[in-house]
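The values are calculated or read from the model by the stated rules, or taken from the named source; none is laboratory data. As the structure is a computational prediction, the values presented were derived from the model and not from experiment. Cβ placement follows ideal geometry from the backbone for every residue including glycine, while neighbour counts extend to all protein chains displayed. When the accessible area is computed, the model is the full protein with side chains, heavy atoms only, and any ligands, DNA or RNA have been set aside. Shrake-Rupley method; radii C 1.70, N 1.55, O 1.52, S 1.80 Å.
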Amino acid sequence: MQFGIFTVGDVTADPTTGRTPSEHERIKNTVAIALKAEEVGLDVFATGEHHNPPFVPSSPTTLLGHIAARTENLVLSTSTTLITTNDPVKIAEDYATLQHLADGRVDLMMGRGNTGPVYPWFGQDIRQGIPLAIENYALLHKLWREDVVDWEGKFRSALQGFTSTPRPLDGVPPFVWHGSIRSPEIAEQAAYYGDGFFANHIFWPKQHTEKMVRLYRQRYAHYGHGTPEQAIVGLGGQVFVRKNSQDAVREFRPHFDNAPVYGHGPSLEEFSSQTPLTVGSPQEVIERTLSFREYVGDYQRQLFLVDHAGLPLKTVLEQLDILGEEVVPVLRKEFANLRPADVPATAPLHPAVTAKKEA
Amino acid sequence: MRTLKLVAVSAGLSSPSSTRLLADRLVQATRYRLAEQEYAVDVEVLELRGLAVDIAKNFVTGFPSEALREAIDKVTAADGVITVTPVFTASYSGLFKSFFDLVDPTALTGTPVLLGATGGTARHSLVLDHALRPLFAYLRARTAPTAVYAASEDWGTGGDEYTEGLPHRITRAGEEFATLVAAVADRKGDSVDADEVVPFAKQLADLRLD
């Protein structure tokens with residue numbers, strides 16, 4: 001199983017000091033966080049994509065390319081890549097290039113985005129969100145698998161005799177996840193292609209995740225990619241961990257109370273019981289994370305959100321130390337013991353990555 | 001014959017509340033009329049006051065608490081909904097609107113709805129037609145032709161030679177609403193599974209990509 005972190009890339013004031021980092025600081029901090037993830041033995045770093053303040057990651061492959069050059073083993077991914085408003089041709093080119101630079105340590109997650117105006121800013125119509133996701137991905141899928149593509153669709157100009165370069169590394173396209181909170185069409189899309197399905201699983205009650213994963217698994221089997229249990233599932237998660245539970249709660253509470261997503265609403269305790277948010281000791285985080293398996297089955301990737309709500313860099317790096325030392329090693333062992341032999345341990349890795357591991 | 005489910009939504013804030021009182025009277029009138037037609041009726045009254053904090057939290061988090069989700073599910077699954085709001089600042093109360101803001105815009109399509117409002121003076125009675133009726137028209141609910149407004153004075157007077165008193169208006173509204181509920185319920189077939197998947201081939205075909 002793969003463990004990692006995903007970032008939204010928000011620039012948020014630290015509510016305990018009132019200080020807001022600059023965009024420059026936030027970008028450099030993001031790199032420091034990714035490097036730390038590799039250092040503590042995590043497997044994956046994923047960045048969001050946004051095109052409005054207060055978010056900095058508008059250019060994911062620039063960021064990931066830089067991190068690729070400074071890491072050896074970390075898989076670089078996205079959370080998510082906007083399949084609705086990016087030109088699928090540019091996605092094909094950018095991520096194939098990244099794949100070459102990172103020697104195959106790349107996969108990506110498709111999403112539709114959650115900011116209405118991004119659609120018109122990029123010349124699209126939000127009411128066409130699902131059709132855009134379906135058509136654009138159909139083209140991307142083709143561009144990575146066929147050397148010469150003829151294409152005509154509803155949303156972009158036609159292509160005649162087009163070749164997307166560079167070709168995927170060793171002819172193997174990056175693995176793709178499809179992320180959605182509650183659109184069955186996207187679970188169906190992931191199942192159809194035999195791609196991975198990633199449930200956001202933060203900020204929302206587990207019922208959404210449970211329902212979507214169940215649907216994805218059934219349809220994955222329906223399309224003949226394997227048994228429902230063999231479908232490739234990833235989950236988000238949100239944790240804040242300290243040696244003592246009380247310290248974790250005391251330190252995280254001001255960040256929670258002022259967070260852009262849920263701040264000034266429910267209490268930390270209510271939100272922790274209604275959503276997968278876990279604030280507590282390493283043991284509490286381990287137990288809660290293991291419990292996810294009870295409603296999604298054995299899954300292949302767990303990404304934690306650890307760097308939002310104005311948490312200072314130093315705190316985030318400490319979080320990664322605790323995750324790497326005390327939480328993830330236990331989770332790896334426990335999940336591996338529970339997983340049947342015929343269920344894949346991870347999403348498919350690029351052959352170049354597998355070869356390096358075996359060397 | 002199956003039991004018809006009616007839900008009354010009262011946005012009254014005080015206890016006892018004249019809004020709740022009107023809701024109960026409308027329920028009673030409807031129930032009486034349906035009983036005459038030999039329908040079994042199950043009624044639940046939802047007081048929004050108890051959900052006010054959960055409603056506010058739903059706006060902040062984007063999802064309902066367990067109690068609020070249950071309340072919304074009851075309203076959207078009902079065979080008929082009786083809604084009564086106090087008039088606040090020339091319209092339905094913010095709490096009343098906030099609750100319906102959290103109901104999926106298609107979830108009440110075709111559902112019979114009886115409208116009621118209460119206020120200090122009869123001068124606000126058109127709130128039924130300039131605020132409540134458009135709200136439920138947007139939701140494509142079937143509103144009963146008669147809606148009932150009760151001013152404070154209505155609770156202590158009968159009608160006069162020109163106007164019917166509150167009890168007559170309640171009875172007429174209940175009769176109309178009961179007829180609507182019975183007609184719609186009789187035509188309701190087995191409920192369709194809202195979560196049914198659109199097969200991917202169909203999604204591609206819609207884009208002419210098959």
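Observations, loosely collected:
- Some residue of segment A:245-257 being out of contact with any strand residue (DSSP E or B) (no Cβ under 7 Å at 6 or more places or on another chain) and within 14 Å of chain B (Cβ to nearest Cβ): yes
- Count of segment B:60-86 residues which are under 17 Å from B:Phe136 (Cβ atoms) and assigned to a loop (DSSP other than H, G, I, E, B): 2
- Residues of segment A:257-267 satisfying the condition of being in a loop (DSSP other than H, G, I, E, B) and surrounded by 15 or more Cβ atoms within 10 Å (Cβ to Cβ): A:Ala259, A:Val261, A:Tyr262, A:Gly263, A:Gly265, A:Pro266
- Within segment B:87-104, restricting attention to residues that are within 22 Å of B:Pro16 (Cα to Cα) and in a loop (DSSP other than H, G, I, E, B), the residue that is least open to solvent (accessible area, probe 1.4 Å) is B:Ser93.
- Listed conditions (1) in a helix (DSSP H, G or I); (2) farther than 30 Å from A:Thr71 by Cβ; (3) within 14 Å of chain B (Cβ to nearest Cβ) are all met by A:Arg182, apart from (1).
- Residue check, A:Pro60 farther than 28 Å from A:Pro351 by Cβ and of a type outside the set (A, V, I, L, M, F, W, C): no
- Those helices (runs of 4 or more DSSP H) lying entirely in segment A:69-157 with at least 3 residues open to solvent by 60 Å² or more (accessible area, probe 1.4 Å): A:88-101
- Residues of segment A:309-343 classified as assigned to a loop (DSSP other than H, G, I, E, B) and open to solvent by less than 40 Å² (accessible area, probe 1.4 Å), total: 4
- A:Phe292 vs. criteria outside any helix (DSSP H, G or I) and among the hydrophobic types (A, V, I, L, M, F, W, C): no
- Residue match in segment A:201-216 (condition: open to solvent by 20 Å² or more (accessible area, probe 1.4 Å), within 12 Å of another protein chain (Cβ to nearest Cβ) and under 15 Å from the mean Cα position of the chain (by Cα)): yes
- All helices (runs of 4 or more DSSP H) inside segment B:105-210 with 1 or more residues being open to solvent by less than 80 Å² (accessible area, probe 1.4 Å) and more than 14 Å from chain A (Cβ to nearest Cβ): B:133-138, B:166-187
- Of residues in segment A:268-288 being more than 22 Å from the chain's Cα centre (by Cα) and open to solvent by less than 10 Å² (accessible area, probe 1.4 Å), the one farthest from the other protein chains (Cβ to nearest Cβ): A:Gly280
- Yes/no for A:Lys28 being in a helix (DSSP H, G or I), basic (Lys, Arg) and surrounded by 19 or more Cβ atoms within 10 Å (Cβ to Cβ): no
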